[in-house]
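The values are calculated or read from the model by the stated rules, or taken from the named source; none is laboratory data. Given the structure is predicted, the values throughout are model-derived calculations rather than measurements. Cβ: placed from backbone, ideal geometry, glycine included. Neighbour counts: every protein chain shown. Each accessible area value is taken on the protein alone, full model and side chains, heavy atoms only, with ligands, DNA and RNA left out. Shrake-Rupley method; radii C 1.70, N 1.55, O 1.52, S 1.80 Å.
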Amino acid sequence: MTSSPYSDEFWQYFGLMFAVIYGFALLIGVAAWVVTAIAMMRFFHKVGVEGWIAWIPIYNQWKFLEVGGHSGALALLSLVPLGSYVVLVFQIIGMYRVGISFGKDTGFLVLGIFLPFVWMFLLARPQEFYDLNRLAWAGQPMPRAGYGAVPR
């Protein structure tokens with residue numbers, strides 16, 4: 001039997017470091033999910049969607065896509081390898097449309113792309129006004145969920 005070049009003590013420290021790093025990453029991931037869900041819940045209340053939907057992983061994407069004027073079924077592409085990239089493109093287009101309804105410019109969209117939870121918190125503030133007439137004036141489709149939703 002061959003012997004390992006590493007001692008048993010090395011493997012104990014290696015296992016401990018792996019557990020600490022994995023635990024830290026898991027903690028950061030859960031914290032990011034909670035903050036994003038809170039932001040999305042506040043945003044959903046603002047646009048007329050029930051807030052509890054923000055806590056359900058695929059369903060929250062479904063409703064966000066509908067608020068952006070797309071078919072919510074596109075969210076199911078997240079379950080297919082590389083399908084998340086397609087969903088991301090449609091979410092960015094939806095962010096652009098939602099930004100129009102709040103009277104925001106394209107620069108605000110950049111914030112939504114890189115920090116979506118900040119984008120949602122800012123749009124959910126009391127002083128922000130959600131006006132679907134802006135979408136009509138810009139020639140964009142109406143949302144499929146929330147206030148002013150068109151029938152499917």
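Can you pull the Rg over Rh of region 80-133, Cα-only, Kirkwood?
Details: Rg = 12.1 Å, Rh = 11.8 Å.
Dividing the radius of gyration by the Kirkwood radius yields 1.03.
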Q | Long-range amide H partners of residue 70 with built H, under 5 Å | A | 144
Q) Residue by residue, what Karplus-based ³J(HN,Hα) values in Hz, rounded to whole numbers, does region 42-57 have, using 6.51, -1.76 and 1.60 with θ = phi - 60° and x for Gly and Pro? A) 5, 5, 4, 4, 5, 9, x, 10, 4, x, 4, 4, 4, 8, 9, x
Q | Kirkwood estimate for region 8-136, i.e. one over the average of 1/r between Cα atoms, Å | A | 16.1
Q: Name the residues whose placed amide hydrogens come within less than 5 Å of the amide hydrogen of residue 130, ignoring near sequence neighbours (fewer than 5 apart) on the same chain.
A: none
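In deg cm²/dmol and to the nearest 500, what is the mean residue ellipticity at 222 nm of the chain if only DSSP H runs of at least 4 residues count, each as -39500 (n - 2.57), divided by the residue total?
Mean residue ellipticity at 222 nm (helix-derived): -20000 deg cm²/dmol.
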(Q) Need the C-alpha centroid separation for region 94-132 versus region 1-48, integer Å. (A) 30
Q | Per residue solvent-accessible surface (Å²) - the chain, probe of 1.4 Å | A | 62
Q.
Per residue of region 128-138, what does 6.51 cos²θ - 1.76 cosθ + 1.60 with θ = phi - 60° give for ³J(HN,Hα)? Whole Hz please, x for Gly and Pro, Karplus curve as stated.
A. 7, 10, 8, 10, 6, 4, 5, 5, 5, 5, 8
Q.
Just to be sure I understand: with springs between alpha-carbon atoms less than 10 Å apart, which residue in 124, 138, 75 has the highest mean-square fluctuation in the Gaussian network model of the chain?
A. 138
Q) Percent of accessible area on the chain owned by carbon and sulfur, 1.4 Å probe? A) 70
(Q) Order 25-32, 52-59 from most to least packed using the mean count of other Cβ atoms within 10 Å. (A) 52-59, 25-32
